[in-house]
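Participant: Just passing along the structure, written as structure tokens.
The values are calculated or read from the model by the stated rules, or taken from the named source; none is laboratory data. For clarity, every value in this text was computed on a predicted model and none was experimentally measured. As a convention, Cβ positions derive from the backbone with ideal geometry for all residues, glycine included, and neighbour counts pool all protein chains shown.
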């Protein structure tokens, strides 16, 4: 499926987002190093400052979702990107806890609002299922490529004994957000209005006017979102999957790889580089496979890949400190990437299909909370298990979560219509 299928306005926005992702890559991998080793903030407090960003998403994401439904995705994303950029730039001025706290708060406020509203913005801009899959997949592909490029450049530029190098990359990262802000400001407003369900709003009663239905939906708010039994199935399956997925990487994967498999920082860096390279190269092929596959089947494939990666990592733990262990640690994130490339063209478009247009922002915000909850649960379990010498038990727990997520996908599939599950298109292409 060629990139030319995407609307020109969306290609411009994704290009701007790619530049911003490069800026994020300059700083994201080095935040704890900057706070602890450069600004001499104790490691425990640095961890609390970073963890607080995830906790901040608990109240901010739902509020941002409601604002999307009231004032529009474009406006909320624009404000969120400005706030996030200011917070990132403010990190350049950090010299201790008292200056780090407000900077991290502003950064977390913008980041917590930007993620769910960005997905809602993509949902508004695509009206066709095929384009929806391509848009979310291309966004994920460019995000990873940008982060990877930025991390490589950042690794070459920053030096612990030269604080000015960190100041420079944080200012550059903050400025990169202005690229997205400029694109959002200059692109025509018509690009951010969806007509996909205009003829039949999902919450409209028979004979009601569309405007009345939209007002009723907005008044009902999150009661309607959480009252949607089908969407609740999606939330349960996705939360379990994320506990053993992205939320397990920074704590569970890194802690096991370094403490149990005895892999060094260079191996960890190589594993993330291999992960990014695989995503960039494999995403187009995965997109074609997903277009011919039921969405719930694709979710099961994601769960299987995530489970397999933890098995690979467990094997690394059996031969600690060896060349085989280092190779297996790198292979872990390559196998993990297999699941990632199948997940990106499924999760966003599925939420977009399930969400009534008047509540799209809230649906995406609720979906983002799956990751927020997982980011709280998974690191806590990982830290306790690794600290107690139960690393293999932790990986077994992750494998079990993947199995439960696959069962959740089956449970979800029984409630989806053939169109929602992509079953009609998958059968037509057999």
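Participant: Does at least one position in region 32-49 carry a residue that is within 18 Å of the chain's Cα centre (by Cα) and either within 24 Å of residue 168 (Cα to Cα) or modelled with pLDDT of 85 or more (or both)?
Facilitator: no
Participant: Need the failing condition index for residue 219 against (1) at pLDDT below 80; (2) part of a helix (DSSP H, G or I); (3) crowded, with 19+ Cβ neighbours inside 10 Å, just the number.
Facilitator: Result: residue 219 fails condition (3) only.
Participant: For the structure I just gave you, tell me whether residue 112 is out of contact with any strand residue (DSSP E or B) (no Cβ under 9 Å at 6 or more places or on another chain) and under 30 Å from residue 289 (Cβ atoms).
Facilitator: Against the criterion (out of contact with any strand residue (DSSP E or B) (no Cβ under 9 Å at 6 or more places or on another chain) and under 30 Å from residue 289 (Cβ atoms)), residue 112 does not qualify.
Participant: Has region 124-134 got at least one residue that is under 15 Å from residue 76 (Cα atoms) and outside the structural domain of residue 287 (by TED's automatic domain parsing)?
Facilitator: Yes: region 124-134 contains one or more residues that are under 15 Å from residue 76 (Cα atoms) and outside the structural domain of residue 287 (by TED's automatic domain parsing).
Participant: Out of all the residues in region 97-104, is one or more more than 20 Å from the chain's Cα centre (by Cα), at pLDDT below 95 and not in a helix (DSSP H, G or I)?
Facilitator: no
Participant: Only one of these conditions is not met by residue 124: (1) closer than 30 Å to residue 38 by Cα; (2) surrounded by 17 or more Cβ atoms within 10 Å (Cβ to Cβ). Which number is it?
Facilitator: (1)
Participant: Going by the conditions given, is residue 305 assigned by TED's automatic domain parsing to the domain that holds residue 421, touching a residue at least 24 places away in the same chain (Cβ under 8 Å) and more than 14 Å from the chain's Cα centre (by Cα)?
Facilitator: Yes, satisfied.
Participant: Then there's this: Give the residue, chosen from 44, 65, 23, 52, that is part of a helix (DSSP H, G or I), surrounded by fewer than 15 Cβ atoms within 10 Å (Cβ to Cβ) and touching a residue at least 40 places away in the same chain (Cβ under 8 Å).
Facilitator: Only one candidate qualifies: 52.
Participant: Could you tell me whether region 76-83 includes any residue that is over 21 Å from the mean Cα position of the chain (by Cα), part of a helix (DSSP H, G or I) and either without any contact (Cβ under 8 Å) to a residue 40 or more places away in the chain or outside the structural domain of residue 372 (by TED's automatic domain parsing) (or both)?
Facilitator: No - not one qualifying residue is present in region 76-83.
Participant: Please state which one of 405, 388 is over 16 Å from the mean Cα position of the chain (by Cα) and modelled with pLDDT of 90 or more.
Facilitator: Going through 405, 388 in turn, just one is over 16 Å from the mean Cα position of the chain (by Cα) and modelled with pLDDT of 90 or more: 405.
Participant: Got a sec? Which of 150, 155 is at pLDDT below 85, farther than 30 Å from residue 71 by Cα and either assigned by TED's automatic domain parsing to the domain that holds residue 34 or under 28 Å from the mean Cα position of the chain (by Cα) (or both)?
Facilitator: Matching residue, one of 150, 155: 155.
Participant: Given the structure, is residue 165 in a helix (DSSP H, G or I), touching a strand residue (DSSP E or B) at 6+ places or on another chain (Cβ under 6 Å), at pLDDT 90 or above and not assigned by TED's automatic domain parsing to the domain that holds residue 344?
Facilitator: Answer is yes for this residue.
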